[in-house]
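Enquirer: Following this message is one structure expressed as structure tokens.
The values are calculated or read from the model by the stated rules, or taken from the named source; none is laboratory data. Not measured: the values here are computed from a predicted model. Cβ placement follows ideal geometry from the backbone for every residue including glycine, while neighbour counts extend to all protein chains displayed.
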Amino acid sequence: MNSAVPRYQGAAASAETARLSHFIDGRFVPAGRSSFENRHPATGELINFVPEADSAAVDDAVKAAKRALKGPWGKMSEQQRSAILRKVADGIMARFDDFLAAEVLDTGKPKSLAAHIDIPRGAANFNVFADQVLTLSTETFRMATPDGAGALNYAIRGPRGVIAVVCPWNLPLLLMTWKVAPALACGNTVVVKPSEETPTTATMLGEIMNEAGVPPGVYNVVHGFGEDSAGEYLTSHPDVDGITFTGETRTGEAIMRAASRGVRPVSLELGGKNASLVFADCDMDKAIEGVTRAVFANCGQVCLGTERVYVERPIFAEFTQRLKQAAEKLKPGNPFEAATTLGPLISQVHRDKVLSYYAKAKAEGAEIITGGGIPELAAPYSAGSFVEPTIWTGLPEDSAVMREEIFGPCCNIVPFDEEDAVIALANDSPYGLATSIWTENLTRAHRVAAQVEVGITWVNSWFLRDLRTPFGGSKQSGIGREGGVHSMEFYTELRNVCVKL
Ligand code: NAD
């Protein structure tokens with residue numbers, strides 16, 4: 001590895017973890033049928049080798065998780081588990097710089113972004129659900145009986161059991177802990193399958209779990225790919241009691257099929273093709289700032305990001321010009337430098353996919369307002385998977401670029417004239433994840449928000465998250481909701497006790 005990829009202290013810098021390990025039953029286990037390379041997307045340089053779990057390694061992890069349910073973890077009070085989860089949050093913050101460096105190396109995202117979002121929110125997830133589990137209530141009902149004495153019903157919550165946690169690469173620590181924290185708070189045990197693109201921080205978390213006093217087998221990590229690899233072995237394992245997944249809709253379908261054997265519950269957070277609706281009565285500065293983030297943050301690799309921008313006709317020309325200026329200000333390059341505001345895409349394979357949509361946009365008749373290609377960067381960043389931030393106009397609503405999730409730093413801007421018409425356009429999508437509405441007219445904001453068929457709507461903001469609120473998608477964007485009490489619903493089994501008095 002040359003100097004363009006800084007070394008960092010901690011798990012991933014030690015001799016053992018230049019070759020990462022699985023984390024099974026509280027120990028780092030290098031076993032696997034083979035290993036694969038993990039490369040830094042900004043330069044293509046090798047970060048570490050990752051073992052690929054075979055079905056025996058996955059079975060070991062699931063068995064360890066199953067045993068741990070019956071061990072000290074299963075006997076702990078909610079207060080004790082909650083206290084341990086706070087130590088996990090503290091442990092991440094104490095090793096903030098290690099986690100930050102590892103996440104930036106694996107993803108290529110700007111350090112400023114990961115320092116602001118990925119690592120602090122990854123830690124915060126443990127505190128949020130440590131709180132949440134202590135305030136969880138259940139229902140009671142008194143009922144009449146023919147003998148007049150009555151009966152009392154009350155509900156209790158127990159853990160579901162072993163939870164399989166399958167994660168994507170765009171916000172690796174944050175999205176993984178968003179599932180692991182509530183699952184553990186509720187007394188479950190987990191086997192995590194991080195994305196093959198970003199395996200490091202999930203592995204490092206094993207050390208933190210041990211230091212915080214999480215008993216062996218409660219948190220396990222197995223590495224590998226999806227189909228015919230660790231992902232499939234895990235989600236089809238008969239001793240897994242529930243599966244929580246974030247990733248592509250197509251993968252969600254495969255996971256749902258796997259979950260159907262044994263009728264296991266699934267929580268699915270899937271893809272999106274999100275719209276921003278910009279009305280002529282918006283605060284233009286706020287709208288430009290927000291839509292710029294929604295389109296280009298994390299190089300467009302955010303499930304909640306915007307790829308369709310509808311702008312009311314009187315401000316269409318000005319808005320398009322200003323979004324172009326904002327896009328052209330983004331600075332690609334070394335993600336560890338403070339001045340860098342645009343990282344690479346996650347891999348060369350993903351870059352090929354995004355560039356294929358850039359080509360399709362041209363073929364489908366788009367006017368290219370800015371971008372459309374690969375930025376010119378000096379070595380070693382010339383070998384990274386960078387693309388130019390790209391804005392089009394003029395694409396038809398039925399074009400592939402307007403219908404399919406691209407997951408890159410790009411959008412098509414469309415003028416509109418009527419509120420009803422733009423709501424219909426926003427809703428004309430197989431996805432239903434997120435929307436942002438830009439208007440200073442509050443009556444309009446509430447009226448439009450109520451009609452957009454998505455799980456999450458922002459008014460005059462984007463990505464502002466209170467972790468107690470419901471998070472998830474409708475239509476092909478997912479099943480179920482995460483966040484606050486909604487996560488607890490998935491990670492617990494609700495049982496009714498009926499007592500005849
Ligand atoms: P992906 O579906 O390709 O992979 C996600 C994970 O699933 C990886 O760990 C992968 O190894 C595993 N996997 C793949 N095939 C599998 C199979 N057959 N069985 C079991 N596991 C399998 O997704 P990605 O490319 O890592 O992430 C990008 C996608 O995630 C985008 O579609 C994005 O919208 C979506 N996403 C959604 C949300 C949300 O909250 N709705 C958040 C982030 C990302």
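Enquirer: Kindly indicate which of Phe245, Phe279 is under 21 Å from Leu395 (Cα atoms) and not aliphatic (A, V, I, L, M).
Expert: Phe279
Enquirer: Of everything in segment 153-179 that's touching a Gly at 6+ places or on another chain (Cβ under 7 Å) and hydrophobic (A, V, I, L, M, F, W, C), which residue is nearest to Thr251 (Cα to Cα)?
Expert: Checking each candidate, the answer is Val166.
Enquirer: Okay, next question. Residues to consider are Asp118, Asp59; find the one that is within 22 Å of Arg39 (Cβ to Cβ) and buried (at least 16 other Cβ atoms within 10 Å of the Cβ).
Expert: Criteria check complete, one pass: Asp118.
Enquirer: Moving on to the next point. Yes or no: Ile346 at pLDDT 95 or above, touching a Phe, Trp or Tyr at 6+ places or on another chain (Cβ under 6 Å), buried (at least 17 other Cβ atoms within 10 Å of the Cβ) and not acidic (Asp, Glu)?
Expert: Judged against the criteria, Ile346 is a match.
Enquirer: Can you tell me which of Thr292, Thr246 is touching a helix residue (DSSP H, G or I) at 6+ places or on another chain (Cβ under 6 Å), farther than 22 Å from Pro194 by Cα and either within 11 Å of the ligand (Cβ to nearest atom) or not hydrophobic (A, V, I, L, M, F, W, C) (or both)?
Expert: Answer to the selection: Thr292.
Enquirer: In segment 124-143, which residues are acidic (Asp, Glu) and either in contact with a helix residue (DSSP H, G or I) (Cβ under 6 Å, 6 or more places away or on another chain) or in contact (Cβ under 8 Å) with a residue 40 or more places away in the chain (or both)?
Expert: Within segment 124-143, Asp131 is the sole residue that qualifies.
Enquirer: What about Ala317, is it within 24 Å of Pro409 (Cβ to Cβ), free of Cβ contacts under 8 Å to residues at least 12 places away in the same chain and of a type in the set (A, V, I, L, M)?
Expert: When the stated conditions are applied, Ala317 passes them.
Enquirer: In segment 359-388, what residues are of a type in the set (Phe, Trp, Tyr) and in contact with a strand residue (DSSP E or B) (Cβ under 6 Å, 6 or more places away or on another chain)?
Expert: Phe386, the sole residue that qualifies.
Enquirer: Going through Val214, Val266, Val218, Val240 one at a time, which residue ends up being under 27 Å from Thr107 (Cβ atoms), within 13 Å of the ligand (Cβ to nearest atom), buried (at least 20 other Cβ atoms within 10 Å of the Cβ) and β-branched (Val, Ile, Thr)?
Expert: Result of the check over Val214, Val266, Val218, Val240: Val266.
Enquirer: Moving on. Among what's in segment 269-293 and is within 19 Å of the chain's Cα centre (by Cα) and within 15 Å of Val311 (Cα to Cα), pick the residue that is surrounded by the fewest Cβ atoms within 10 Å (Cβ to Cβ).
Expert: The selected residue is Ala275.
Enquirer: Right, something else. Can you say whether Thr201 is within 22 Å of Ala114 (Cα to Cα) and within 16 Å of the ligand (Cβ to nearest atom), as far as the supplied structure shows?
Expert: In short, yes.
Enquirer: Kindly check whether there is at least one residue in segment 162-175 that is within 27 Å of Gly44 (Cα to Cα), among the polar types (S, T, N, Q) and at pLDDT 95 or above.
Expert: yes
Enquirer: Here's something else I'd like to know. Within segment 466-501, track down each residue that is part of a loop (DSSP other than H, G, I, E, B) and either of a type in the set (Phe, Trp, Tyr) or touching a residue at least 24 places away in the same chain (Cβ under 8 Å) (or both).
Expert: Leu467, Arg468, Gly472, Gly473, Gln476, Ser477, Gly480, Arg481, Leu501
Enquirer: Of Gly148, Gly158, which residue is within 14 Å of Thr492 (Cβ to Cβ) and not hydrophobic (A, V, I, L, M, F, W, C)?
Expert: Gly158
Enquirer: Evaluate the following for Ile255: is it touching a helix residue (DSSP H, G or I) at 6+ places or on another chain (Cβ under 7 Å) and in the same structural domain as Ala64 (by TED's automatic domain parsing)?
Expert: yes
Enquirer: Further question on the same structure: Please tell me if Trp462 is of a type in the set (Phe, Trp, Tyr), away from the ligand (no atom under 14 Å from the Cβ), assigned to a strand (DSSP E or B) and out of contact with any Asp or Glu (no Cβ under 6 Å at 6 or more places or on another chain).
Expert: It is false that Trp462 is of a type in the set (Phe, Trp, Tyr), away from the ligand (no atom under 14 Å from the Cβ), assigned to a strand (DSSP E or B) and out of contact with any Asp or Glu (no Cβ under 6 Å at 6 or more places or on another chain).
Enquirer: Does segment 250-261 include one or more residues that are more than 16 Å from the ligand (Cβ to nearest atom), under 30 Å from Lys70 (Cβ atoms) and assigned to a loop (DSSP other than H, G, I, E, B)?
Expert: No, because not a single residue in segment 250-261 is more than 16 Å from the ligand (Cβ to nearest atom), under 30 Å from Lys70 (Cβ atoms) and assigned to a loop (DSSP other than H, G, I, E, B).
Enquirer: Right, another one. What tally of residues in segment 302-320 results from selecting those that are more than 18 Å from Trp392 (Cα to Cα) and either within 16 Å of the ligand (Cβ to nearest atom) or touching a strand residue (DSSP E or B) at 6+ places or on another chain (Cβ under 7 Å) (or both)?
Expert: 3
Enquirer: A follow-up question, please. Report yes if Pro396 is in contact (Cβ under 8 Å) with a residue 24 or more places away in the chain and farther than 20 Å from Asp352 by Cβ, otherwise no.
Expert: Considered against the rule, which asks whether it is in contact (Cβ under 8 Å) with a residue 24 or more places away in the chain and farther than 20 Å from Asp352 by Cβ, Pro396 comes out as yes.
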